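Input: a single structure, listed below in structure tokens.
The values are calculated or read from the model by the stated rules, or taken from the named source; none is laboratory data. As the structure is a computational prediction, the values presented were derived from the model and not from experiment. Please note: Cβ atoms are built from the backbone with ideal geometry, for glycine as well, and neighbour counts cover all protein chains shown. Calculation scope for accessible area: heavy atoms of the full protein, side chains included, ligands and nucleic acids excluded. Shrake-Rupley method; radii C 1.70, N 1.55, O 1.52, S 1.80 Å.
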Amino acid sequence: MSRPKMTSLYPEKTQRIYKLPELIIQQGHQIQEPKLQGPWIVKGKRARAESIDPVQDHPHEHTHGRPSPQARMGGSEGDTRSSDNQKDDIPVENYVAQRYIENPYLIGGRKFDLRVYVLVMSYIPLQAWLYRDGFARFSNTRFTLNSIDDQYVHLTNVAVQKTSPDYHPKKGCKWMLQRFRQYLASKHGPEAVETLFRDIDNIFVKSLQSVQKVIISDKHCFELYGYDILIDQDLKPWLLEVNASPSLTASSQEDYELKTCLLEDTLHVVDMEARLTGREKRVGGFDLMWNDGPVSREEGAPDLSGMGNFVTNTHLGCVNDRKKQLRELFCSLQVQKKASS
């Protein structure tokens, strides 16, 4: 029997990720892969954090023997013929095994990841906007690798953390990105922070480019993605996942204000009333990050020959005076419209 192929998804841009096919789940005990040494995060098909499990050893050992709901509804224990006939019909769940980052950057001894929002207006050509605001999601328990099965230590999802016995619903486990950026600047200096956030920008662009030709995209539609980014002790960002339907449920007043503004600004960029000119680089809290090529903060066509002085038009975690910007933007558009009429 030939060894089943394990497909690695962009290992140079993320931590190593594998899709485990049915054959590995059923016969994974026959495979001895040194690079499968844990710990790993194993994800099933169920929504969000419901099917995420940290595991220490081989991911196939975690999934091997876990029956689907249909399998658990099989015949009686003594009905051998019935159970044998059902084997071919029982769907086996596929899992994604993602290598666990063992050296996450900690704040107050706690692990966290970043939730950042990217609005894609078109894939061909690629046009993407980056929202300035976002948040860092913290675990409720101090980090340790000694208890790999403790979800409150390793999973920062609010859906997990809010079930913790000492979770504070008003305080929550979130920092706004502005606060997080200020903290990093005070600890490591502005230059290190600029480098980190430039690397995060690169993750957004490369991930969208990698699926640009396979995504089914209608020019009249848009996609709002929730990116989950983890940072390690060397200030290196890692892409955890891209959520095509990010949760817009608020867990705090700050969270509520962020998400209502995010939705409002999304509709401004979509521009169903056709008020924009199409040349805008900023609309509310959104900055145009990519428009069939990198977008410069400077006006005019950027000189990309040397890329030495090129600065991208992104301001993740920076001050977001969106109300003032929207007021000035639409006032100037009204003036332009009156002048042309």
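Looking only at region 221-243, residues that are open to solvent by 50 Å² or more (accessible area, probe 1.4 Å) and over 8 Å from the mean Cα position of the chain (by Cα) come to 6 in all. The sole residue among LYS219, LYS236, LYS213 that is assigned by the TED database to the domain that holds GLY285, in contact with an Asp or Glu (Cβ under 8 Å, 6 or more places away or on another chain) and among the charged types (D, E, K, R) is LYS236. Of note, SER251 satisfies the criterion of being among the hydroxyl-bearing types (Ser, Thr, Tyr), assigned by the TED database to the domain that holds ASN320 and either more than 18 Å from LEU114 (Cβ to Cβ) or crowded, with 19+ Cβ neighbours inside 10 Å (or both).
When residues in region 134-151 are screened for being under 21 Å from PHE286 (Cα atoms) and more than 14 Å from the chain's Cα centre (by Cα), 0 of them pass.
A Cβ distance below 6 Å, combined with a sequence gap of six or more or placement on separate chains, defines the contacts here; from region 311-325, residues that are over 21 Å from PHE180 (Cα atoms) reach residues that are modelled with pLDDT under 90 and open to solvent by 40 Å² or more (accessible area, probe 1.4 Å) in the pairs VAL311/ARG297.
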